[in-house]
Amino acid sequence: MTVRATETPATAATARTTPPPHQVLLNPGPVNVHDRVRAALAYPDVCHREPEAAELLDAVRAKATAVCGGDERHTSVLLAGSGTAALEAVISSVVPEGGTLLVPHNGHYAERVASIAEAHRIPVRRLEFGWGQPIDLAAVDAALAEDATISHVGLVHHETSTGMLNPLAELGEIVARHDRSLIVDAISTLGAEPLDVVADHVDWCVGTANKCLEGLPGTSFVCAPRSSLDGLSEVRPRTYYLDLRAHHVAQDRDRAPLFTPAVQALYALDVALDLTLEETVAVRSRRYREHADRVRAHLARHGFEPLVPDGHRASSVTVFRLPDGVEYQHLHDRLKADGFVIYGCPPRLGRVCRIATMGQLTTDQISAFLAAFDAALDAPHPTGAATPSTSRA
Ligand SMILES: *Cc1c(COP(=O)(O)O)cnc(C)c1O
């Protein structure tokens, strides 16, 4: 006897999720990806305990290390999860009992670094400079000189909430001079801004697939010297799933992932890393910055001023103050109707909007966006009090 599918209610049987329309993503990740990256998702199914999966993991780890500027002393550990998973794996795994994490704080993601540490009962010292304000390097220097309990510094390289690029090379030099360890959230910089774990004295570098590396969501990584990862046997694990050393041992020594990796996302990341290394970070950075410069120049004519001063801006994200009479939600919705997705900011930044230029965006798409932007501004605005931009990190 055959069981007939039509016995399920017709509504349930036909309720399929329809694919979204093609959209130009001007949000700070996930990004529009290269067709070759998306095509990797359609590779045949594999078992993660077979040699082809081991080869895939090895290849992605080596390429992630290369993008970070690591040398033969370095390796990378892959995690299934978004960037925050890798961040939490590092923070919870490397700060020893009795250590303190110093967080130079100028935005939302610095707060996340501090909050992760606190969730694991790790003492945190926040050095607050104000959102969108530059880090005062002398203050970091003084804190390290004065507080011997500080074992680690947690720096967000690009504070994606404000579009501010923090001074990694200078800060790395200070942390190294004080003989402390530097953890860098490079989640929105790897691929888009110069970063070199050796030259910049980065001890723990955290990256993710779906921002400026132009891969797809689902996988993240930590690049570090092998000796540092091996040395984690001295620190008692605070979590089971995100125990960085356990993942390192499984991937590096046993060549078998600890848990099920995001296999398809890793195939996509493998291609994305090839494309990154072929293009080079210098060229990609220029590509993003050219798009950003066009958007900044165009929006300036409409009275949209960047939140962050020139010289501190990342190539991939700009936060703009909204001129009087322009409302974020209206702008967002008009642009969305034309196929462009812009982004809001955490409410404490007030009346702003955020436009990212990361991912596979063409010059023509930026031109079309600027035309759509003009049309959105010309469209009648709803009357009434302007509301702050939506709560987004
Ligand atoms: C996007 C981002 C993260 C992590 O976000 P996920 O949603 O977990 O990928 C962390 N730090 C910075 C600086 C980011 O831009």
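Kindly provide the helix-only [θ] at 222 nm of the chain, computed as the sum of -39,500 (n - 2.57) over DSSP H runs of four or more divided by all residues, to the nearest 500 deg cm²/dmol?
-11000 deg cm²/dmol
Quick check for me: using +1 on Lys/Arg Cβ and -1 on Asp/Glu Cβ, what's the dipole size of the stretch 1-156 about its Cα centre, in debye to the nearest 20?
600
Calculate how many DSSP beta bridges within the stretch 109-207 are antiparallel, expressed in % of all such bridges and rounded to the nearest 5.
In the stretch 109-207, DSSP labels about 20 percent of beta bridges as antiparallel.
For the chain, what % of the accessible area comes from carbon and sulfur atoms, probe 1.4 Å?
53
Among DSSP bridges having both ends in the chain, what percentage is antiparallel? Round to the nearest 5.
Percent antiparallel among DSSP bridges in the chain is about 55.
Output needed: percent of Cα pairs per 10 Å distance bin for the chain, bins running from 0 to the one holding the longest distance.
Taking every Cα pair in the chain, the percentages come to 5, 22, 29, 24, 14, 5, 1, 0.
Taking 8 Å as the Cα distance limit and 6 or more residues as the minimum spacing, I'd like the relative contact order of the stretch 35-279 as a percentage.
Over the stretch 35-279, the number comes to 30 percent.
Please give me the summed charge of the neighbours of Leu137: other residues whose Cβ is under 13 Å from its Cβ, Lys and Arg +1, Asp and Glu -1.
-3
Picking from Ala145, Phe221, Ser233, whose Cα lies most toward the positive end of the charge dipole for the stretch 35-279 (charges on Cβ: Lys, Arg +1; Asp, Glu -1)?
Sorting the options by dipole projection puts first Ser233.
What residues have an amide H closer than 5 Å to that of Val156, excluding those fewer than 5 places away on the same chain, when H is modeled at 1.01 Å from N in the peptide plane?
So Val156 has HN proximity to Asp185.
Less than 12 Å from a label point 7 Å out along the Cα-to-Cβ axis of Ala62: which backbone N atoms in the stretch 267-283 qualify, by residue?
Within reach of a label on Ala62, which here means backbone N under 12 Å from a point 7 Å along Cα→Cβ, the stretch 267-283 contributes nothing.
Where does the charge balance sit around Leu171 when Lys and Arg score +1, Asp and Glu -1, over other residues with C-beta under 12 Å from its C-beta?
That works out to -3.
What accessible area per residue, rounded to a whole number of Å², is obtained for the stretch 35-279 using a probe radius of 1.4 Å?
Spelled out: the 1.4 Å probe surface of the stretch 35-279, per residue, equals 38 Å².
Suppose R0 equals 41 Å. What FRET efficiency, 1/(1 + (r/R0)^6) with r the Cβ-Cβ distance, do His22 and Arg177 give to the nearest 0.05?
Working from the Cβ atoms, E equals 0.25.
Please state the shape class of the stretch 83-200: rounded when a/c is under 1.5, otherwise prolate if a/b exceeds b/c and oblate if not, all from the C-alpha gyration tensor.
rounded
To the nearest 20 debye, what charge dipole does the chain have about its Cα centre, counting +1 at the Cβ of each Lys and Arg and -1 at the Cβ of each Asp and Glu?
Computed charge dipole of the chain: roughly 860 debye.
Among Ile342, Asn106, Leu361, whose Cα lies farthest out toward the positive end of the dipole of the chain, if unit charges sit on the beta carbon of Lys, Arg (+1) and Asp, Glu (-1)?
The residue sitting most towards the positive pole is Ile342.
Quick one: 3J(HN,Hα) in Hz for the stretch 229-240, Karplus 6.51/-1.76/1.60 with θ = phi - 60°, rounded, Gly and Pro as x.
Couplings: 5, 4, x, 5, 4, 6, 9, 6, x, 9, 9, 8 Hz.
Give a quick list of chymotrypsin sites (Phe, Trp or Tyr not before Pro) in the stretch 206-296 that DSSP marks as loop, anything other than H, G, I, E or B, with at most 16 other Cβ atoms within 10 Å.
Tyr240, Tyr241, Phe259
Net charge within 15 Å of Gly218 by Cβ-Cβ distance, Lys/Arg positive one each and Asp/Glu negative one each, not counting Gly218 itself?
Around Gly218, the charge tally is 0.
Per-residue counts of other Cβ atoms within 10 Å, averaged by peptide: what ranking do you get for 15-25, 52-62, highest first?
By packing density, highest mean first, the sequence is 52-62, 15-25.
DSSP H helices in the chain with Cα extent of 15 Å or more along the helix axis and mean Kyte-Doolittle hydropathy at least 0.0?
Going by DSSP H runs, the hits are 51-67, 83-94, 263-279, 363-378.
In the stretch 317-357, what is the volume of the convex hull around the alpha carbon atoms, normalised per residue and reported in Å³?
Considering the Cα atoms of the stretch 317-357, their hull volume per residue is 66 Å³.
The values are calculated or read from the model by the stated rules, or taken from the named source; none is laboratory data. No experiment lies behind these values; they were computed from the predicted model shown. For neighbour counting, all protein chains shown are included, and Cβ atoms are generated from backbone atoms with ideal geometry for every residue, glycine included. In case anyone asks, the SASA skips ligands and DNA or RNA and just uses the protein heavy atoms, side chains included. Shrake-Rupley method; radii C 1.70, N 1.55, O 1.52, S 1.80 Å.
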